[in-house]
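Scroll down for the structure; my scribbles are underneath it.
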Amino acid sequence: MLVADPWFYFAAVPAVLLAGISKGGFGGGLGVMAVPLMALFVSPVQAAAIMLPILCLMDIFGLRAYRNTWDRRNIAIMVPGALVGILVGTLTFRYLDDGLIRLLIGTIAIGFTLHHFTRRASLRPARPSRLVGGLASALAGFTSFVAHAGGPPVQFYLLPQRMDKTLYVGTTVVFFFAINYVKLVPYGWLGQFSPDNLLTALVLAPLAPLGIWLGVRLHGPVGHELFYRLCYGMLLVTGVKLLWDGLWPLLT
């Protein structure tokens, strides 16, 4: 049986749409919102399992839109690092309970938001780095495995390079296409794809191409500032709520 709580869908519908819009036009960073929003009404583990097939579907549409626009040097650096992070996530999965995952996701969400609002652009663009890119991508692989929250480490690495925005989006699309399809194997091995989770994902799946289409349409003509301020504000509130939910059992 699929998730029956109507409040779950009140959060899940905008979460999936925002993930698609972000993947299709804004570099995928705001996809970090999807699991935190869903985790307000179901466990973070279940939310991640529901989202993965949807993200894989989004990746197909995103790859079609940006298949000829991506940075091959950065991808060659990032994908091997991410595979290490996914392996670590797989091996430590049994030790990550719901409270710990809520703490992790809440901390990532708050840290990502604060970084967005406080960062200052450097004077010179950074260059691709095997060390920095490998470490950031390993962290992205781990956080992506746990909560599909790989966007922040990827942005920490790629944004300072100040590449063309279309090249940047295309690079993130190819990167997450690769690691999301790799994650299908350990998720299946760990029993995450229950009938309930797959059926709920199927109900939400039609929103995937719609979100990508909206993101591609918004990529060119619409300014990013207001969109990002609203979304990062929502992300901050969600992160604070999850952080509190994770800390409360430890404080009582």
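What follows is calculated from the coordinates using simple rules that are stated; it is not laboratory data. Since the model is a prediction, treat every value here as computed from it, not as a measurement. Ideal geometry is used to build each Cβ from the backbone, glycine not excepted, and the neighbour counts take in all protein chains shown.
Sorted on the mean count of surrounding Cβ atoms within 10 Å across their residues, most packed first, peptides 163-170, 140-147, 89-96 read 140-147, 163-170, 89-96.
If the segment from F117 to L210 were pulled out straight at 0.36 nm per residue, it would be longer than the present Cα-Cα gap by 30.6 nm. By the rule of a C-alpha distance below 20 Å, with chain neighbours fewer than 8 residues away ignored, the lysines paired with K23 are K165, K183. Restricting the calculation to Cα atoms, every distinct pair contributes to the Kirkwood radius of region 6-251, found to be 17.7 Å.
Across region 6-251, Cα pairs under 8 Å and at least six residues apart give a relative contact order of 40 percent.
Length available on full extension from L218 to T92: 0.36 nm per residue minus the Cα-Cα distance, which gives 41.5 nm. Once the chain from T252 to A4 is taken as fully extended at 0.36 nm per residue, the excess over their C-alpha distance is 86.3 nm.
If a spin label sat at a point 7 angstrom from the Cα of V132 along the line to its beta carbon, the backbone N atoms of region 139-180 nearer than 19 Å would be those of 139-141, 151-165, 167-169, 171-172.
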